[in-house]
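What follows is a single structure, written as structure tokens, with notes after it.
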């Protein structure tokens, strides 16, 4: 099935995803996310809620646990339908998240893929390095 003509330019899709990263993750500006996603958006990342409203709640929880959370884009690649992004996430565990706050800093790699329709995100798959996060927080032993 061809999706040509139904999607934005690769550069436009990259810009939309970068706005999600900057506004939602780095600034906590959740209202800025609404125009960047379709109304039938679906989340596929394990343990996250499946809708945009659920995604915003999960993001609030993450930013409560790591109020200084900052994602830095390391690499981004796009075609007319999908954007692949590799980022570094940094933050300090100062609030409840996977247990009580530890006060420890984390630096992990995050890989994401988003599918776009008409310049908006319609689906997301994400792979944060949760094992590295758990080790850095002292919740898993180092091997």
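Screening segment 96-110 for residues that are at pLDDT 95 or above and surrounded by 15 or more Cβ atoms within 10 Å (Cβ to Cβ) and picking the one that is nearest to residue 17 (Cα to Cα) gives 110. Within segment 109-120, the set of residues being more than 12 Å from the chain's Cα centre (by Cα) and part of a strand (DSSP E or B) comprises 115, 116, 117, 120. How about segment 25-63: which of its residues are modelled with pLDDT of 95 or more, closer than 19 Å to residue 90 by Cβ and touching a strand residue (DSSP E or B) at 6+ places or on another chain (Cβ under 9 Å)? Across segment 25-63, the qualifying residues are 25, 26, 62, 63.
Checking each residue of segment 74-95 against the condition of being in a loop (DSSP other than H, G, I, E, B) and without any contact (Cβ under 8 Å) to a residue 24 or more places away in the chain gives no match.
State yes or no: is residue 106 outside any loop (DSSP other than H, G, I, E, B), without any contact (Cβ under 8 Å) to a residue 60 or more places away in the chain and touching a helix residue (DSSP H, G or I) at 6+ places or on another chain (Cβ under 7 Å)? Yes: the conditions hold for residue 106.
Of the residues making up segment 111-143, those that are touching a strand residue (DSSP E or B) at 6+ places or on another chain (Cβ under 6 Å), farther than 24 Å from residue 52 by Cβ and surrounded by fewer than 16 Cβ atoms within 10 Å (Cβ to Cβ) number 1. Select from segment 35-49 the residues that are surrounded by 12 or more Cβ atoms within 10 Å (Cβ to Cβ) and not in a strand (DSSP E or B) and list them in ascending order. Listed by number, the residues that qualify are 36, 44, 45, 48, 49. Residue 60 satisfies every condition listed in (1) surrounded by 16 or more Cβ atoms within 10 Å (Cβ to Cβ); (2) under 15 Å from residue 25 (Cα atoms); (3) within 14 Å of the chain's Cα centre (by Cα) except (1).
The values are calculated or read from the model by the stated rules, or taken from the named source; none is laboratory data. Source: prediction; values computed, not measured. Counting neighbours? That spans all protein chains shown, and the Cβs are built from the backbone with ideal geometry, glycine included.
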